[in-house]
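A short worksheet on the structure shown next.
The values are calculated or read from the model by the stated rules, or taken from the named source; none is laboratory data. Computed from a predicted structure; not experimentally measured. Neighbour counts run over all protein chains shown; Cβ positions are idealised from the backbone, glycine included.
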Amino acid sequence: MSVEPYPMPPMTPLTMSRRLLDADASRRALVMQVHDQIIRDLDLRALEALPEASRRAHLEASISSVLAHAGATPPGVTRRDVIDEVTNEVLGLGPIQALLDDPEVSEVMVNAPDEVYYERDGVLHESESRFRDAAHIQRIADRIVAPLGRRLDETAPMVDARLADGSRVNVVLPPIAVHSPSITIRKFRHDRFDMADLVRVGALTEEAAAFLRECVRTKVNVLISGGTGSGKTTLLSALSESIPEAERIVTIEDPVEIRLRQRHVVTLEARPAVMNARAEISQRDLLRNALRMRPDRIILGEVRGAEAFDMMQAMNTGHEGSMSTVHANSPRDALSRVENMVLMAGFELPVTAIREQIASALHLVIQVSRLPDGSRRLMAISEVTHLEGAVVGLQDIFRFERGLPGPEGEVAGDLRPTGIRPRFAERFNSSPADEWAQ
């Protein structure tokens, strides 16, 4: 007589969710156990002294040995997952290391132990990565800033710095960050975009790219305006490829992000004060010094304060072809922001005099935006004309014209010429300016 097998209960979504949670909790417990054992058994100083490849291989062998003595891994947990997580805890940045290693991820944000987000293709996603608690985030933050020589504690709860690979990192601790330490890392792209790449991804048209190349080559002063993460620095780096090799370029940044292909480049980086150990060196200090370095071009990564006054002065006194970026939502807002920052320099100048200086110094304002579908586009290329009464004149040379949205919500449209011929077009050797004005 055969016995019918006892029927298994149906796998409901709630049952699946509970099993996944149980597997996740078991994995975390095992990772903590192995990590603690590795910390006790290994000489971490000797491990750090090894070459990078040997260091990782030695650590993984030690983790495998600990796992062998620990017995079978819990259901749903693989030994490879445990080895990778423990290795990232010891040598990397813990739960976010896998995101940092992913070339498609451009930014990583840690809001709380159970709130980790990342950006891919301009769109934010919530990650499955989790920290154990706030103290775990604090340890990773300490590991980030330790090689930088920066202090991070209750007396200095904020750090904005550059990692060894060029990535930008911002850390905020309690009590400034009320609920949990926060970490934001904007990854440094090693595959630098040039103008051809920007045309290929649809950021601008080939026609607009040719116009901008000619503007840079003929030393038009350019200000790139946009919001955070809109692609200002990417565009600035792409524009710089049109600077002739024979020219001497001085870049000023805080922190360094721009990568130039020319050989004759001097890179300057601002330095914050660190608890009386060293004096602050601001972008304004660097800009003033750069004027004594015989630059043909000055590239200011981002104008943020009183250095705007010195930048306008430089553009007006023979350093044409200079470029910078500013946070603003439109070309008009960009000029207003520059005006406000010039006022921060402390000189009691009439507003009309400041606007005259801006109108004389700047030739072109390029507006870039990150659109709802995650794409970065040039929205306008505007010429700064002259002071019209009490207002600095602006006229669009190219303007983004939207089309019907795509089936997935993609933003459609093109950057099209308005038919206006810029006043500085006489600088151009060829006749494309007349073609753009058709």
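Kindly establish whether residue 65 is surrounded by fewer than 19 Cβ atoms within 10 Å (Cβ to Cβ), out of contact with any Ser or Thr (no Cβ under 8 Å at 6 or more places or on another chain) and farther than 30 Å from residue 234 by Cβ.
Details: surrounded by fewer than 19 Cβ atoms within 10 Å (Cβ to Cβ): yes; out of contact with any Ser or Thr (no Cβ under 8 Å at 6 or more places or on another chain): yes; farther than 30 Å from residue 234 by Cβ: yes.
When the stated conditions are applied, residue 65 passes them.
Checked against (1) over 27 Å from residue 333 (Cα atoms); (2) touching a Lys or Arg at 6+ places or on another chain (Cβ under 7 Å), residue 187 passes all but condition (2).
Only residues that are under 30 Å from residue 417 (Cβ atoms), touching a residue at least 60 places away in the same chain (Cβ under 8 Å) and in contact with a Leu (Cβ under 7 Å, 6 or more places away or on another chain) were counted across segment 178-220, and they come to 8. Of all residues in segment 346-372, those that are assigned by TED's automatic domain parsing to the domain that holds residue 386 have Cβ atoms under 6 Å from Cβ atoms of residues that are among the polar types (S, T, N, Q) and assigned to a helix (DSSP H, G or I), 6 or more apart or on another chain, in 360/316; 361/316. Determine whether segment 354-368 contains at least one residue that is farther than 30 Å from residue 245 by Cα and touching an Asp or Glu at 6+ places or on another chain (Cβ under 8 Å). Yes, there is a match, as at least one residue in segment 354-368 is farther than 30 Å from residue 245 by Cα and touching an Asp or Glu at 6+ places or on another chain (Cβ under 8 Å). For segment 215-225, filtering for residues that are surrounded by 20 or more Cβ atoms within 10 Å (Cβ to Cβ), among the polar types (S, T, N, Q) and either modelled with pLDDT under 90 or assigned to a loop (DSSP other than H, G, I, E, B) (or both) leaves 1.
Count of segment 343-395 residues, restricted to those that are outside any loop (DSSP other than H, G, I, E, B), among the charged types (D, E, K, R) and under 30 Å from residue 119 (Cβ atoms), is 3. In segment 94-151, the residue that is nearest to residue 31 (Cα to Cα) out of those that are surrounded by fewer than 15 Cβ atoms within 10 Å (Cβ to Cβ) and among the small types (Gly, Ala, Ser) is 135.
Rundown of residues vs (1) modelled with pLDDT of 95 or more; (2) over 21 Å from the mean Cα position of the chain (by Cα); (3) within 15 Å of residue 222 (Cβ to Cβ); (4) not β-branched (Val, Ile, Thr), yes/no style:
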site	(1), (2), (3), (4)
303	no, no, yes, no
311	no, yes, yes, yes
314	no, yes, yes, yes
344	no, yes, no, yes
347	no, yes, no, yes
367	yes, no, yes, yes
374	no, no, no, yes
378	yes, no, yes, yes
384	yes, yes, yes, no
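When you check residue 435 against the structure, is it closer than 14 Å to residue 207 by Cα, among the acidic types (Asp, Glu), at pLDDT below 90 and not in a strand (DSSP E or B), yes or no?
Working: closer than 14 Å to residue 207 by Cα: yes; among the acidic types (Asp, Glu): yes; at pLDDT below 90: yes; not in a strand (DSSP E or B): yes.
The answer is yes for residue 435.
Filtered by the rule that a residue be in contact with a Ser or Thr (Cβ under 9 Å, 6 or more places away or on another chain) and surrounded by fewer than 17 Cβ atoms within 10 Å (Cβ to Cβ), segment 311-331 gives 316, 327, 329. Checking each residue in segment 226-275 for being polar (S, T, N, Q), surrounded by fewer than 22 Cβ atoms within 10 Å (Cβ to Cβ) and in a loop (DSSP other than H, G, I, E, B) picks out 228, 262. Cβ separations smaller than 6 Å between residues 6+ apart or across chains give the following pairs from segment 161-177 residues that are closer than 17 Å to residue 148 by Cα to residues that are aromatic (Phe, Trp, Tyr): 165/188; 166/188; 167/188.
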